[in-house]
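Here the structure comes first, spelled out in structure tokens, and everything after it is commentary.
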Amino acid sequence: MNVDLSATWQEASRVTLRGRIAVVIDVLRATSTIVTAIQSGAREVIPVETPEDARLAAQETGADGVVLGGERGGLKIEGFDFGNSPYEYTPHSVGGKTVVMTTTNGTRAFAAAREADITFAAALLNIGSVANVLLHEGRDVAVICAGTEGRVSLDDLYCAGALIERIVTPGCDWVLNDGARLAVHWYGSNTGTSFDVLASCAHGRRLAELGFHRDVEYCSGVDTVTVVPVLKGRSLVSR
Ligand code: 3SL
Ligand code: MG
């Protein structure tokens with residue numbers, strides 16, 4: 001089986017994903033927030049590319065209990081209900097609701113994955129559950145790191161390396177592309193905690209500057225959430 005890693009969503013949009021399972025990773029912070037929203041009981045999360053798309057999708061959905069979430073420049077978009085902090089997505093705020101979400105990189109990575117047979121959302125928070133699902137499926141995997149504005153994000157690569165290490169079991173014939181090998185190497189070379197890694201990478205430092213230090217800490221949690229969001233049509237729902 002093959003594990004093919006794209007380091008950014010832009011790279012993924014140039015890769016053939018047909019016949020594969022895609023795993024989208026944006027640890028800081030989109031997939032961590034999506035996983036949290038679904039764990040908090042959101043009915044669905046609809047990832048879209050732009051704020052205009054979000055407003056349109058909310059109108060089209062026409063369902064009761066639709067909320068808008070996301071960020072630009074890390075901050076809540078004007079007129080939206082929530083930003084991109086996982087702490088905002090509580091059972092009280094999103095339980096039973098449809099969340100339409102747009103973020104700078106993470107939600108675009110779902111659009112880049114549209115050709116894949118199945119698409120899951122992964123973060124450090126739910127990495128064990130995602131690994132179990134991938135082992136159960138036993139199929140070629142395309143790991144799509146969102147990256148940050150077209151550039152590699154070490155937080156995503158770290159999570160990808162941790163995930164790949166959990167699924168590439170000895171005795172199984174896995175073929176890793178160079179990106180996947182790099183992620184495993186980067187993950188294995190870290191001696192500090194996941195928080196040390198996330199806090200020291202460029203986007204972790206940027207979020208701390210914006211006052212989101214607690215989000216970085218929260219997103220560093222490993223296996224704290226069991227839910228595995230899967231794309232059904234245009235919605236991410238609990239698998
Ligand atoms: O790039 C994204 O999709 C966001 O997750 C970035 S931020 O952490 O909200 O700034
Ligand atoms: Mg990111």
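The values are calculated or read from the model by the stated rules, or taken from the named source; none is laboratory data. Predicted, not measured: the structure shown is a model, and the values here were computed from it. Backbone-built Cβ (ideal geometry, glycine too); neighbour counts: all protein chains shown. Accessible surface areas use protein heavy atoms only, side chains included; no ligands, DNA or RNA. Shrake-Rupley method; radii C 1.70, N 1.55, O 1.52, S 1.80 Å.
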Taking only pairs six or more apart or across chains, which ones have beta-carbon atoms under 7 Å, a first residue in the range 116-132 that is under 12 Å from PRO229 (Cα atoms), and a second residue that is open to solvent by 10 Å² or more (accessible area, probe 1.4 Å) and assigned to a strand (DSSP E or B)?
THR119/LEU231
Those residues of the range 194-217 which are assigned to a helix (DSSP H, G or I), touching a strand residue (DSSP E or B) at 6+ places or on another chain (Cβ under 8 Å) and hydrophobic (A, V, I, L, M, F, W, C) amount to ALA202
Considering only residues that are at pLDDT 95 or above and on the phi > 0 side of the Ramachandran plot, look in the range 33-87 and name the one that is farthest from ligand 1 (Cβ to nearest atom).
GLY41
If you take the residues in the range 42-71 that are touching a residue at least 60 places away in the same chain (Cβ under 8 Å) and part of a strand (DSSP E or B), which one is nearest to ARG239 (Cα to Cα)?
GLU44
Options LEU163, LEU154: the member that is in contact with a His (Cβ under 9 Å, 6 or more places away or on another chain) and over 23 Å from LYS76 (Cα atoms):
LEU154
Options ASP117, ASP196, ASP173; residue that is acidic (Asp, Glu), more than 16 Å from ligand 1 (Cβ to nearest atom), more than 27 Å from GLU71 (Cβ to Cβ) and at pLDDT 95 or above
ASP117
Per-region count, the range 167-194, residues open to solvent by 60 Å² or more (accessible area, probe 1.4 Å) and over 23 Å from THR8 (Cβ atoms):
5
Can you find a residue in the range 122-131 that is open to solvent by less than 60 Å² (accessible area, probe 1.4 Å) and farther than 24 Å from PHE195 by Cβ?
no
Residues that are open to solvent by 10 Å² or more (accessible area, probe 1.4 Å) and in contact with a Cys (Cβ under 9 Å, 6 or more places away or on another chain), drawn from the range 5-25:
ALA7, THR8, TRP9, GLU11
Matching residues, the range 52-68, being open to solvent by 20 Å² or more (accessible area, probe 1.4 Å) and within 28 Å of VAL216 (Cβ to Cβ):
ASP53, LEU68
Looking only at the range 211-224, decide whether some residue is in contact (Cβ under 8 Å) with a residue 24 or more places away in the chain, closer than 20 Å to ARG151 by Cβ and not aromatic (Phe, Trp, Tyr).
yes
